[in-house]
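What follows is a single structure, written as structure tokens, with notes after it.
The values are calculated or read from the model by the stated rules, or taken from the named source; none is laboratory data. Small disclaimer: the values here were computed from a predicted structure and weren't measured. A quick note on method: Cβ atoms are made from the backbone with ideal geometry, for glycine too, and the neighbour counts reach across all protein chains shown. Note: accessible area is taken over every heavy atom of the protein model, side chains too, but ligands, DNA and RNA are not part of it. Shrake-Rupley method; radii C 1.70, N 1.55, O 1.52, S 1.80 Å.
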Amino acid sequence: MVAPSFIFSIILLLLQLLFASLPHHRTFTSAADGSWQLLQKSIGISAMHMQLLRNDRVIMFDRTDFGPSNLSLPTGKCRNDPTDTVLQVDCTAHSVEYDVFANKFRALTVQTDVWCSSGAIMPNGNLFQTGGFNDGERRVRVFNPCRTCDWNEIPNGLTAKRWYASNHILPDGRQIIVGGRGQFNYEFIPKNIVANKINLPFLSETNDKGIENNLYPFVFLNVDGNLFIFANNRAILFDYVNNIVVKKYPMIPGGEPRSYPSTGSAVLLPLKNLKAAAIEAEVLVCGGAPKGSYLQSLKARIKITDPNPEWVMETMPLARVMGDMILLPNGNVLLINGASSGTAGWEQGRDPVLSPVLYQPDNNIGSRFEVQNPTTIPHMYHSTAALLCDGRVLVGGSNPHAFYNFTGILFPTELSLEAFSPAYLDAKFDKLRPTIIAPKSMSGIRYRKKYTIQVVINSDKVDESSVSVTMFAPAFNTHSFSMNQRLLVLGNEKVTAVGNSMYNVEAMTPKSGNLAPSKFYLLFVVHQGIPSKGIWVRLH
């Protein structure tokens, strides 16, 4: 595959963690927005991994070698695992299904250790979840979204042991699984050829001996069908079909690591102008724990396709390690969870960052960040976050301990679930908020087709130029990285008033699987930055 002319920028936020309490880290003090709601005081497990499914249920799990959890399995159901390092017979759950609308949860059963694993949603809507620790290293686990379903496991479903690997769904419906501890290679599932693994020297080149810093690599499908892969402190554009490195990107200034265990985060910024011959794509990389220390918390932005690219530096408001980056329906990015000093790993994080930060990528430098209202619950190592269909962000987890530990320690194991509501959910914006009337769902939309979405907007004056349609691909979130997260901005072809505050919004779907590799999306209509509730669509 040959890369077309496009702009592929990386925005890197270079954080100084040892001096995180200095005043210059708090220079952006715009009025705080957003609100928090405690949903569940305890779900019995700590949400180390999180994935939203097409039925508005969220699958969460931690690991099986924590010892007994605080949630029992159904009567007569136990996990019998003679290879478990802590508890061979365990009648407690280490996975739950959370019903968003009912605010209820039920216990699920995983048979092998899912610790530090990965996953993605397949074209049929099933969650395929891969790897883990110990006897879980080569497992593939399948969860079918239904009211009574539970995990099914495929022994030896992987060729290599995958622990701290990253997954990405591909346009042909397969998942690619990249890296993992001691694995400088990749493989695909499901297997349509003899099981194999393919060497990727880039992963061994980015492996710091005794430290690694290249685990959970940041992987994004580029608009040309190649993969952008970031590990440690550098990145490549990779043709996975022909096993060729198409492009090598410059090392970040100072050469500081950003992937696990330094544990920054990354996101593919919203893809826009989808009908253009050359579509721009940008990747945002935030946070992490540097090898040394900086005197400022900095961000760098670069146009990778320039012949002589130059870094543009910018200060961000709060230092952050172990944070998550969540795309919002209106195209902004939420930085949430984490600490302002220390690093990922057992007991090594300090100074929890309780305030999320809103990043507005289309604003000018100096006005992109807004500090939001804080939570009261520290979300440190092993925290998670996910966007929900109503626009809230679900937050759970936090366990910097080798077992469940609730007393006599600085940051107890966190079993709660809470939700952060961005400012766009405030009641003062209700008149601007679109409500999707029809269709209720779009189960069979196709690439490169024009569709009409009917909405009600009760505003006295609707700004038709500010109406947009966006499509969000829910992610598999763990260890500060949301795999497969993607936001497509369809814009609008035409907005027509049809009476009684009702409008028809025409939008064109993406032209190929290179732009939209996932099949299940949440579709939103956005008016003046205020999104509707999302409806589920399936792309064919």
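In table form, for the structure just shown:
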read-out	value
Largest-first ellipsoid semi-axes for the chain, taking √(5λ) over the Cα gyration tensor eigenvalues, angstrom	32, 27, 25
Probe 1.4 Å, all protein chains present, accessible-area order of 236, 121, largest first	121, 236
Share of carbon and sulfur in the accessible heavy-atom surface of region 430-539 [1.4 Å probe, %]	46 percent
14 Å beta-carbon shell around residue 173, net charge (K/R +1, D/E -1)	+3
Region 186-249: C-alpha gyration tensor shape, a/c 1.5 cut-off, then a/b vs b/c	oblate
Segment residue 448-residue 251, extension gain: residue separation times 0.36 nm, minus the distance between their alpha carbons	67.2 nm
Trypsin sites (Lys or Arg not before Pro) within region 50-152: DSSP coil, no more than 11 neighbouring Cβ in 10 Å	147
Accessible surface, per residue, of the chain when the full set of protein chains is kept, probe 1.4 Å, Å²	36 Å²
Using a Förster distance of 51 Å, the FRET efficiency for residue 407-residue 244 (Cβ separation, nearest 0.05)	0.40
Restricting region 337-423 to chymotrypsin sites (Phe, Trp or Tyr not before Pro) in coil, as DSSP defines it, with at most 12 other Cβ within 10 Å	346, 403, 406
Under 17 Å from the residue 533 label point (7 Å along Cα→beta-carbon), backbone N, region 33-71	53-58
Virtual spin-label span in nm between residue 199 and residue 363, 7 Å along Cα→Cβ	4.8 nm
Label-point gap, in nm, between residue 512 and residue 456 - each point 7 angstrom along Cα→Cβ	4.2 nm
Whole-number percent relative contact order across region 221-293, with pairs defined as alpha carbons under 8 Å at least 6 apart	25 percent
Segment residue 72-residue 86, extension gain: residue separation times 0.36 nm, minus the distance between their alpha carbons	3.3 nm
Residue-wise HN-Hα coupling along region 56-64, computed from phi with Karplus coefficients 6.51, -1.76, 1.60 (Hz; x: Gly, Pro)	6, 10, 10, 8, 9, 7, 10, 8, 8
Of all accessible heavy-atom area on region 35-425, the percent that carbon and sulfur account for (1.4 Å)	52 percent
Spatial extent of region 430-539: Rg and Dmax, with the Cα atoms as the point set, Å	14.2, 48
Relative contact order of region 430-539, pairs being alpha-carbon contacts under 8 Å that are 6 or more residues apart, as %	37 percent
Per the chain, cysteines lacking a partner by the 4.7 Å Cβ criterion	116, 286, 389
Coil-residue chymotrypsin sites (Phe, Trp or Tyr not before Pro) of region 226-266, DSSP, other Cβ within 10 Å capped at 11	none
Relative contact order %, the chain, counting alpha carbon pairs below 8 Å whose residues are six or more apart	18 percent
Residues of type lysines that residue 511 reaches as a straight line, Cα spacing below 17 Å, ignoring anything fewer than 8 places off in the same chain	272, 275, 449, 450, 519
Gained length - residue 41 relative to residue 150, 0.36 nm times residue gap less alpha-carbon distance	36.9 nm
